[in-house]
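Chemist: Take this structure first; my questions come after.
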Amino acid sequence: MTANLTARPHLPPDLVADRMPRHVAVIMDGNGRWAKKRGRPRIMGHKRGVDTLKTLLRCCDDWGIGALTAYAFSTENWGRPNDEVEFLMVLFERVLRRELAELMNENVRIRFVGNLQALPLSLQGEIERAMADTAANTGIQFTVATNYGGRQEIIQACQAIAHQIKRGELEPEEIDESLFEQNLYTQGLEDPDLLIRTSGEMRISNFLLWQLAYAEMYITDTLWPDFDHGEFHRALVSFQQRHRRFGKL
Ligand code: FPP
């Protein structure tokens, strides 16, 4: 038996354990189209999307990927019809309440990033509870970007740094990448190595603008609710075939 299989019993044999991404980010696109294709309301697509996300989280954990970040709701998504926005807020809350015990069982650390103060108070309560309860877990780091916008994150980091300078705690010359990162929502989380976007759109859509600087991108036409183990496996094979140069030769 190879060292690879010994380390991760579930890892498909064509994936190399020590070349797995450490952090995968996903733009879960295509829920609405998935539902429309079946003559169902868009919200059914979001419900199925939650199942896909759960499968992916478990798969990352099984295959030795230490962090997963999912784009659940962007600052632009408030522009959707009210009933869809309301459904999504209730869905997030319900999922958190329903899955918290399972997250604890599986040793997952969950964290929400974004402008959380603008979310419904009851959802904020569930978020705080889930983050506090799972904070000491040592397994996969699961980050959910909710009411998240990359530009807004960068602006709030600039404001936080400006306040530190104003208070005399910092000199402008001390600003470097590391200090900047400490002021982002994702502070302490390493940058994603792989960004997956489903449903074929070739855009970043204001997701992790700073953090994705050197991520490999994998875009598939598959709609999010259909993104299964096999699809994820294909994304990882593609990732492992890439030669990451980080701007060097
Ligand atoms: C994009 O598809 C999907 C969303 C805006 C919502 C994704 C949210 C989830 C799957 C729930 C996650 C829940 C938790 C608690 C982590 P779309 O509606 O833009 O699809 P379309 O492009 O086909 O219209």
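The values are calculated or read from the model by the stated rules, or taken from the named source; none is laboratory data. None of the values given here were measured: they were computed from a predicted structure. Virtual Cβ from ideal backbone geometry, glycine too; neighbours counted across all protein chains shown. These area figures cover heavy atoms from the full protein model, side chains too; ligands, DNA and RNA do not enter into them. Shrake-Rupley method; radii C 1.70, N 1.55, O 1.52, S 1.80 Å.
Chemist: Can you work out which of the residues in the range 20-33 that are over 14 Å from the mean Cα position of the chain (by Cα) and surrounded by 18 or more Cβ atoms within 10 Å (Cβ to Cβ) is farthest from the ligand (Cβ to nearest atom)?
Modeler: Within the range 20-33, the match that is farthest from the ligand (Cβ to nearest atom) is 20.
Chemist: Something else about it: Those residues that are of a type in the set (A, V, I, L, M, F, W, C) and either touching a residue at least 60 places away in the same chain (Cβ under 8 Å) or farther than 25 Å from residue 27 by Cα (or both), I need them from the range 143-157; list them, please.
Modeler: Passing the criteria: 144, 145.
Chemist: Please work out which one of (1) touching a helix residue (DSSP H, G or I) at 6+ places or on another chain (Cβ under 9 Å); (2) surrounded by 21 or more Cβ atoms within 10 Å (Cβ to Cβ) is the condition residue 197 fails and give its number.
Modeler: Every listed condition holds for residue 197 apart from (1).
Chemist: Sort out which residues of the range 223-249 are in contact with a helix residue (DSSP H, G or I) (Cβ under 8 Å, 6 or more places away or on another chain) and open to solvent by 30 Å² or more (accessible area, probe 1.4 Å), and write them in order of number.
Modeler: Hits for the range 223-249 are 226, 228, 229.
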